Amino acid sequence: MSDVVRTTILSKRWKNLWTTADCLNFQDCMMDTADKVRTFIYRALTLWKGSKILKFRIRFDYHLKKSLYSDIDIWLRFATEIQVEELYVELKYPGDDCGSHIIFALKGTLEEMYCVPQRLYLCSSLKKLDLLGCNLKFHGNVHWNQLDYLHIYGGITQHVIDQVLSGSPQLETLSLYLLENYENLSIQCSSLKHLYIEKFLYGDDDVPSMNTELIIRNPELHLLEILGVPYSKCLLMNAPCLSEVTLGFDAPLLIINGNDFLEKTLIQILPTIQLVEELKLSDWCIKVLGAMKKKSMLQPLLNVKVLVLNNECFQEYENIVCLLAIFPELEMLVLQPKNEDFAPNRIVANNAKSCPRLEGSLPESFLLQLRIVKVTWTNRDDSIFPFIEIVLKYASNLKKMVFRVAGTAPPNSLLLASKKLLGMPRSSPTAEIIFSEF
């Protein structure tokens, strides 16, 4: 809104144009005190003359003070009375130094957080709702009859989730970012199509609970992402439409309890995703699943056509080779970093060696259906090349491999990579290797 108001000096015709804008976006990035924020927002809302608000957003990038809680109540009342359709409330508290994410550094901060006013639960015009750093504590019913997208980052309990789901008959997308509270989680919604669950620990010294249960019952669910701290027991039931799954359990959090903890979790999940066509795995899931395959603990996943592997280091690439053996119908393989924040250039020496014993145990169907491979190389680790050599050796029907160089790579990185790959033997005579950088 501060940028919008500034543009009024450019033209006389624009002087009052902003007062009918249907999108009100208040961010305090340009203001250094709570009083300035308060004055600016009240002034803008007083002068606003529109008839409808499609989007209303309040975001505090600095530590929120309790003195503003009553003001936020008034601003949200304004938005709900004008029948807002998309509402975003993003709050930040003391101890949160994680940028745009709202992670509470101290336990017991739930009662200190801003509590969403009861009238918001009665706003039936809402179609999209984003609540970051809010306490969803209420008594009564929810009337979000048109809501199709809900993102909650912060304070929420199972009781609140049940009330929200029962009062949102059109909800299709649900994103939950939760702090470890050692409680079970159950998601049951007949309309839900996309579900994202990410769980964090309070601090580095905390240990994931060994007795938490995640139950998902969504007959229309198409996409499922489970990230961060795993639940010790995962039950995915009545999800016949599920086609895309991401298992992004975080490695540092799992070392505490060892691989057995994740093995048990994955053993429960894999049989329930037999019909999934696209699967995404984090680096730690890759490592554990590869080890499980070596111990003959995995059955083939016959429907997976697209496999996305978020990995940074291929020093133990035999785990990935073992893992690929359980996808006999795989058509596309995507190798990418586990995040887009590429570290400064640091090439790791290639100590990976070929493993004849491993290759000798591969099934006849290994990579026979593979058609497309997409690789994003950050130039931090060149041990990816022995793995690519195996792919080119066995993928006899490969049509295309796209190799992208990313990050702060030296100017000659693309040339060096192309020399390596073009010199590798290919079992597919029509395989095309495409190089690019971004």
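On inspection, Phe385 qualifies as open to solvent by less than 60 Å² (accessible area, probe 1.4 Å) and modelled with pLDDT of 80 or more.
Scan segment 414-435 and give yes if some residue there is modelled with pLDDT under 90, farther than 26 Å from Glu316 by Cβ and part of a loop (DSSP other than H, G, I, E, B), otherwise no. No, segment 414-435 contains no residue that is modelled with pLDDT under 90, farther than 26 Å from Glu316 by Cβ and part of a loop (DSSP other than H, G, I, E, B). Note down all Cβ pairs under 8 Å where the first residue falls in segment 389-401 and is over 20 Å from Glu318 (Cβ atoms) and free of Cβ contacts under 8 Å to residues at least 60 places away in the same chain, the second is open to solvent by 40 Å² or more (accessible area, probe 1.4 Å) and hydrophobic (A, V, I, L, M, F, W, C), and they're at least six residues apart or on different chains. Hits for this filter: Ser396/Leu368; Asn397/Leu368; Leu398/Ile372; Lys399/Ile372; Lys400/Ile372; Lys400/Ile434; Met401/Ile372; Met401/Ile434. Checking each residue in segment 5-16 for being part of a helix (DSSP H, G or I) and surrounded by 12 or more Cβ atoms within 10 Å (Cβ to Cβ) picks out Val5, Thr7, Thr8, Trp14.
Only residues that are closer than 17 Å to Glu112 by Cβ and open to solvent by 20 Å² or more (accessible area, probe 1.4 Å) were counted across segment 133-155, and they come to 1. Exactly one residue out of Ser209, Ser243, Ser190 is open to solvent by 10 Å² or more (accessible area, probe 1.4 Å), modelled with pLDDT of 85 or more, out of contact with any Pro (no Cβ under 9 Å at 6 or more places or on another chain) and not acidic (Asp, Glu), and it is Ser243.
Looking only at segment 164-173, count how many residues are touching a helix residue (DSSP H, G or I) at 6+ places or on another chain (Cβ under 8 Å) and either open to solvent by 20 Å² or more (accessible area, probe 1.4 Å) or of a type in the set (Gly, Ala, Ser) (or both). Qualifying residue count, segment 164-173: 1. Taken residue by residue, segment 213-222 has at least one member that is under 26 Å from Val306 (Cα atoms), β-branched (Val, Ile, Thr) and modelled with pLDDT of 85 or more.
Would you pick out the residues in segment 184-203 that are part of a loop (DSSP other than H, G, I, E, B) and charged (D, E, K, R)? If the condition is that a residue be part of a loop (DSSP other than H, G, I, E, B) and charged (D, E, K, R), then Lys193 is the only one that fits. Within segment 250-268, identify whether any single residue is part of a strand (DSSP E or B) and either closer than 26 Å to Tyr153 by Cα or at pLDDT below 90 (or both), and answer yes or no. For segment 250-268, residues part of a strand (DSSP E or B) and either closer than 26 Å to Tyr153 by Cα or at pLDDT below 90 (or both): absent. Taking into account only those residues within segment 113-128 that are charged (D, E, K, R) and under 24 Å from the mean Cα position of the chain (by Cα), which is surrounded by the most Cβ atoms within 10 Å (Cβ to Cβ)? Filtering segment 113-128 for residues that are charged (D, E, K, R) and under 24 Å from the mean Cα position of the chain (by Cα), the one surrounded by the most Cβ atoms within 10 Å (Cβ to Cβ) comes out as Lys128.
Summed over segment 17-67, residues that are over 24 Å from Lys128 (Cα atoms) and part of a loop (DSSP other than H, G, I, E, B) total 6.
Only residues that are part of a helix (DSSP H, G or I), at pLDDT below 90 and open to solvent by less than 60 Å² (accessible area, probe 1.4 Å) were counted across segment 68-112, and they come to 1. Of all residues in segment 208-227, those that are within 16 Å of Tyr196 (Cα to Cα) have Cβ atoms under 6 Å from Cβ atoms of residues that are among the polar types (S, T, N, Q) and open to solvent by less than 40 Å² (accessible area, probe 1.4 Å), 6 or more apart or on another chain, in Ile215/Ser186; Glu225/Thr246. Would you confirm, using the coordinates I've provided, whether Leu165 is part of a loop (DSSP other than H, G, I, E, B), touching a residue at least 24 places away in the same chain (Cβ under 8 Å) and of a type in the set (A, V, I, L, M, F, W, C)? So Leu165 fails the test.
Assessment of segment 283-294 against the conditions (outside any helix (DSSP H, G or I) and either touching a helix residue (DSSP H, G or I) at 6+ places or on another chain (Cβ under 9 Å) or open to solvent by 70 Å² or more (accessible area, probe 1.4 Å) (or both)) yields no matching residue. Checking the stated criteria, Leu126 turns out not to satisfy the condition of being farther than 20 Å from Tyr88 by Cβ and in contact (Cβ under 8 Å) with a residue 40 or more places away in the chain. Within segment 174-183, does at least one residue satisfy the condition of being open to solvent by 40 Å² or more (accessible area, probe 1.4 Å), at pLDDT 80 or above and part of a loop (DSSP other than H, G, I, E, B)? Looking for residues that are open to solvent by 40 Å² or more (accessible area, probe 1.4 Å), at pLDDT 80 or above and part of a loop (DSSP other than H, G, I, E, B), one finds at least one in segment 174-183, hence yes.
The values are calculated or read from the model by the stated rules, or taken from the named source; none is laboratory data. Quantities reported herein were computed from a predicted structural model and do not represent experimental measurements. Counting neighbours? That spans all protein chains shown, and the Cβs are built from the backbone with ideal geometry, glycine included. What goes into the accessible areas is simple: the full protein's heavy atoms, side chains included, and nothing from ligands, DNA or RNA. Shrake-Rupley method; radii C 1.70, N 1.55, O 1.52, S 1.80 Å.
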